[in-house]
Amino acid sequence: MELTREIISWVVVPAERPLADQCMNPRQLWGGGRLSYPNFEDVSNVALACPIFKSIVKELSSARLVIRTRQELRMYGCFFADQRTGRRAISIDFRVPPPYDPHELSSLLRFTPNLITFIHNPFGREKYVGTIAKTLVIALATQLPMLQVLILLSKAESPVFDDVVVLMNSIKTLTTLHVECIHSYPELSSYMSAPLKSDITSTISTLSLGVLQYPSLSSSPSYAPVWDKFVTLLTHQNIRLDLLNALIIPMFPAIPAFFDRYGPQLQSLSTTSFFSQYVLAPALKSCPNLEELTINLCDEVPGFPSALPKVKTLRIHPCVDDLCGTINMGLIHSCPLRLNEIMDQLYSVDLPEAKTLTIFTVASFTDLNSHRAWMSNWRTQWLHRGVRLTDHCNSDLGRYD
């Protein structure tokens, strides 16, 4: 029976792909490998084979749900309502395209009290920025006492700022929050000047923010294509993110107040070089305990402070646009030029604790190993400082034995 369960699990249970296979842009950095999900028809066919197989499929498939259609949403809703199987669910990846009934999803969440991860990714019109249903926000805030990871990926159903505050304040087990975009914000000056009714405290340690689209593609008049307003509001006197230690933000915010307040807590920072040329260095000075720094290298090369005293790991990714598929072929041939500039900048920084510098050799960096002399020279220089130069598979770069 155990062998049967193992074989069926290959069909039913999502398989984790190695990190090296991933397209590493900021929205995929919330942890671990990416899951390769099972085919719903394959799972159904296995369940029809015999009663024993059906029982095993129900048990295994109820732990990690991938819901793609309204039919699947209703099926799981009925299945969990009739049995205690919903208590086995630890992860839901919701991908049902609109329109669907948010009450059906909210009802399903009532029967999954042990849920640890919820991914909200209903495929919609990417150029349209809509709002997430309030019934779903309330369900997430009140019905999931064990939830640790909340990923809001859909632009078609995005939260307003107050929704994010409610979720951060209400889910007391939440450690990781990803928000792809914010539909709308309160008026900044009046919000910041008035005290809130009560303190907003959050347990999140990792905050991940998405790659924003331009306002011409949005239906919301208060939608902003940068994260500056969001991080400004997080500095409100009544909002406390005391456990925040990792920030993933693709458009670097020119908001010193945020880093003055939360910088000393940060141990990990991932951002792009876009718009960060003059603001990254002063922000990093406010992050004395930073141990990991990841830069997605765009056309601009950021400046760095004279020292990063506790940084152990440095990572350089290709531009976010490259990772999303818009690869400028000219950049493939000029990447040593772009990389050389940021390597020069980093080499001038005092890095007493640095152990590894990783360059992700994907997208426009794919052809990097063809520049052997250049790579070998940089490998030698970094080794003299005790820093290992690697690719994203943890193989040595610039070593040609």
Name the shape class, rounded, prolate or oblate, that the alpha-carbon gyration tensor gives for the range 203-302, where a ≥ b ≥ c are the square roots of its eigenvalues, rounded holds for a/c under 1.5, and otherwise prolate holds if a/b is larger than b/c and oblate otherwise.
oblate
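Given Cβ point charges of +1 (Lys, Arg) and -1 (Asp, Glu) and nothing else, what value in debye, to the nearest 20, does the dipole of the range 238-324 about its Cα centre take?
360
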Rank-order 154-163, 66-75, 87-96 by packing density, defined as the average count of other C-beta atoms within 10 Å over each peptide's residues, highest first.
154-163, 87-96, 66-75
Share of carbon and sulfur in the accessible heavy-atom surface of the range 179-301 [1.4 Å probe, %]
56
At a 10 angstrom cut-off on C-beta neighbours, averaged per residue, how do the peptides 373-385, 166-178 rank from highest to lowest?
166-178, 373-385
Could you give the size of the charge dipole of the range 174-293 about its Cα centre, using +1 on the Cβ of each K and R and -1 on the Cβ of each D and E, expressed in debye and rounded to the nearest 20?
140
Using the heavy atoms of the protein chains alone and a 1.4 angstrom probe, what is the accessible area of the range 122-213 per residue in square angstrom?
39
Over 25 Å between alpha carbons, listed pairs K197/K229; K54/K134; K172/K197
K54/K134
Yeah, the range 71-168 with a ≥ b ≥ c from its alpha-carbon gyration tensor (a/c under 1.5 is rounded, else prolate when a/b outruns b/c, oblate otherwise) is oblate
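The values are calculated or read from the model by the stated rules, or taken from the named source; none is laboratory data. Because the structure is predicted, anything quoted here is derived from the model rather than measured. Quick reminder, even Gly has a Cβ in these numbers, built from the backbone with ideal geometry, and neighbours come from all protein chains shown. Only protein heavy atoms, including side chains, enter the accessible area calculation; ligands, DNA and RNA are left aside. Shrake-Rupley method; radii C 1.70, N 1.55, O 1.52, S 1.80 Å.
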